[in-house]
1. Please specify each residue of region A:154-168 satisfying the condition of being out of contact with any Asp or Glu (no Cβ under 6 Å at 6 or more places or on another chain), closer than 17 Å to residue A:192 by Cβ and charged (D, E, K, R).
2. Check residue A:127 against each of (1) farther than 19 Å from residue B:6 by Cβ; (2) within 13 Å of another protein chain (Cβ to nearest Cβ); (3) of a type in the set (D, E, K, R); (4) surrounded by 13 or more Cβ atoms within 10 Å (Cβ to Cβ) and name the one condition it does not meet.
3. Mind checking which residues of region B:16-61 are among the charged types (D, E, K, R) and facing chain A (nearest Cβ under 8 Å)?
4. Test residue A:94 against the criterion of being within 25 Å of residue B:4 (Cβ to Cβ), without any contact (Cβ under 8 Å) to a residue 12 or more places away in the chain and either touching a strand residue (DSSP E or B) at 6+ places or on another chain (Cβ under 6 Å) or within 13 Å of chain B (Cβ to nearest Cβ) (or both), and give yes or no.
5. Residue by residue through region A:111-121, note down the ones that are modelled with pLDDT under 80 and within 15 Å of the chain's Cα centre (by Cα).
6. Just for region A:57-90: of the residues that are part of a loop (DSSP other than H, G, I, E, B) and over 43 Å from the mean Cα position of the chain (by Cα), which one is nearest to the other protein chains (Cβ to nearest Cβ)?
7. Since residue B:111 meets every condition but one in (1) more than 7 Å from every other protein chain (Cβ to nearest Cβ); (2) crowded, with 16+ Cβ neighbours inside 10 Å; (3) modelled with pLDDT of 85 or more, which condition does it not meet?
Amino acid sequence: MTGGGEMEGTEIYGRRACQLVKELASAEPGQLTSFNDDMFNQVIKECNLHYSQFYELTKKMQEEGLDVQSARNADHFGMLIHHLSLIRNKRCLMAYVFKRAEIIQSLSWKVGRVLPEEIEQKLSDPEKRYFRNHSSALQSYMRDMGGLDLTVDMVPPKDPYIKVRVLDDIGVTAMGDRDTNLARHSIHFLKRTDAEHYIFQILLVLVLTGDDGRAHRLKLINLLLVFTVQLAVSLISVHTALLVLS
Amino acid sequence: MTNYYDIDDILSEEELIPVVFQKAATGVGLLDPSSETHNVEQGAKIELPFWLAHELYARQALTMSIPPCFNQMTRKEIQADAASVDLRNRCQYFYELGCKIAPLVGDKTIGSFLLYSFTNRYKEVLSKAHTASFTVSTKPLTLLTKEETHLYEAAQSSMTAFKKWRMGGSRFEIPSVLGRKRKPVE
């Protein structure tokens with residue numbers, strides 16, 4: 001039979017693609033795993049096999065003089081299964097790439113323009129390109145807005161200056177109008193906007209003051225409220241879904 | 001219509017459904033492990049993932065039966081003590097699959113069964129999540145389906161957020177992608 005031998009000893013249709021998606025599901029939310037090149041290519045190979053088998057069956061039906069559109073014989077259902085498997089594989093691959101792209105997009109907001117090496121290793125080449133393009137689009141947008149930095153903390157600070165402790169030797173850095181020596185374990189009083197960048201890279205740590213604690217509480221109340229509402233909405237939707245069925 | 005890219009939706013459709021082929025199909029012998037040819041014969045009894053089964057069912061190529069996680073035995077167990085039944089082992093996407101399969105197999109009791117299981121397990125899930133928010137306990141999680149795990153985590157994170165708020169915490173959060181790793185101090 002046509003091409004059947006090629007698929008022998010392989011997994012049931014769509015199983016590999018599903019494994020790929022499972023990999024996403026089991027990863028910590030917001031965390032990237034290494035791009036699974038091997039599995040990805042195997043799924044694409046499977047897609048090509050489905051296509052060639054689909055094509056052979058079409059040819060066979062045409063040779064037998066049957067109308068591919070309307071005939072409902074065994075070949076038709078064989079074709080149908082190959083077609084459906086192909087679509088399923090496509091959906092899994094798309095979801096895999098899409099979810100990763102979402103995470104990569106969020107990276108340029110959270111981490112900045114340069115990726116730490118341990119994250120960069122996990123990206124495939126097109127993904128690296130995507131990250132670069134996304135962050136340069138973000139940069140040029142911010143430039144067009146008149147140099148407004150959108151990646152800074154969204155909550156307006158009570159005090160433009162914060163106290164930070166240096167975790168790693170950064171060296172002499174230009175902070176505002178003067179140079180500051182950011183030696184390890186030294187404590188500085190810096191402009192918030194200057195320090196934020198380093199805090200996100202885990203080079204500085206914030207030294208808490210009373211004021212900050214209070215602002216934080218307010219933010220958490222908000223979070224909690226938003227969260228409770230979300231929870232309630234999701235519960236209601238589950239309930240109605242189940243009620244409709246019963 | 002759910003989101004095309006929804007991971008849970010994709011995975012829930014991977015659950016196996018017992019089917020009987022009403023039509024033969026060529027070139028797909030892989031689906032039937034007992035088949036010696038490359039074809040699936042008419043009347044072959046096999047298990048297919050839901051995404052394939054329901055499309056073929058819509059074209060009258062096969063008949064579906066109810067997967068084992070909705071059988072009488074499970075129903076009896078749920079009735080006896082809903083919260084202690086290991087649904088994760090039976091079907092990770094118990095509710096999602098149930099919602100999808102109920103209109104297809106024409107079994108009117110599945111809907112009410114799902115609702116009954118959900119409402120009875122729900123209370124237990126929440127109370128466990130709230131009491132266990134700081135001690136790391138994974139045991140109740142091993143019994144829960146995906147949906148219930150989300151619920152459990154949601155309840156737990158709201159509890160942690162509440163406790164964190166009471167104590168006050170740091171304004172800045174390190175992006176989770178970077179982890180908590182710091183450079184080792186020499």
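1. A:159, A:163, A:165
2. All conditions pass for residue A:127, except number (2).
3. B:23, B:55, B:59
4. Here the answer is yes, as residue A:94 does meet what is asked.
5. Once the filter is applied, which keeps residues that are modelled with pLDDT under 80 and within 15 Å of the chain's Cα centre (by Cα), region A:111-121 yields only A:111.
6. In this case the residue turns out to be A:73.
7. (1)
Yes/no matrix, rows are residues, columns are (1) under 24 Å from residue A:80 (Cα atoms); (2) of a type outside the set (Ser, Thr, Tyr); (3) surrounded by fewer than 21 Cβ atoms within 10 Å (Cβ to Cβ):
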{"residue": "B:49", "(1), (2), (3)": "yes, yes, yes"}
{"residue": "B:59", "(1), (2), (3)": "yes, yes, yes"}
{"residue": "B:71", "(1), (2), (3)": "no, yes, yes"}
{"residue": "B:74", "(1), (2), (3)": "no, no, yes"}
{"residue": "B:77", "(1), (2), (3)": "no, yes, yes"}
{"residue": "B:82", "(1), (2), (3)": "no, yes, yes"}
{"residue": "B:91", "(1), (2), (3)": "no, yes, no"}
{"residue": "B:94", "(1), (2), (3)": "no, yes, no"}
{"residue": "B:117", "(1), (2), (3)": "no, no, no"}
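The values are calculated or read from the model by the stated rules, or taken from the named source; none is laboratory data. Since we're looking at a predicted model, the values are computed, not measured. When we count neighbours, we look across all protein chains shown, and the Cβ atoms used for this are built from the backbone with ideal geometry, even at glycine.
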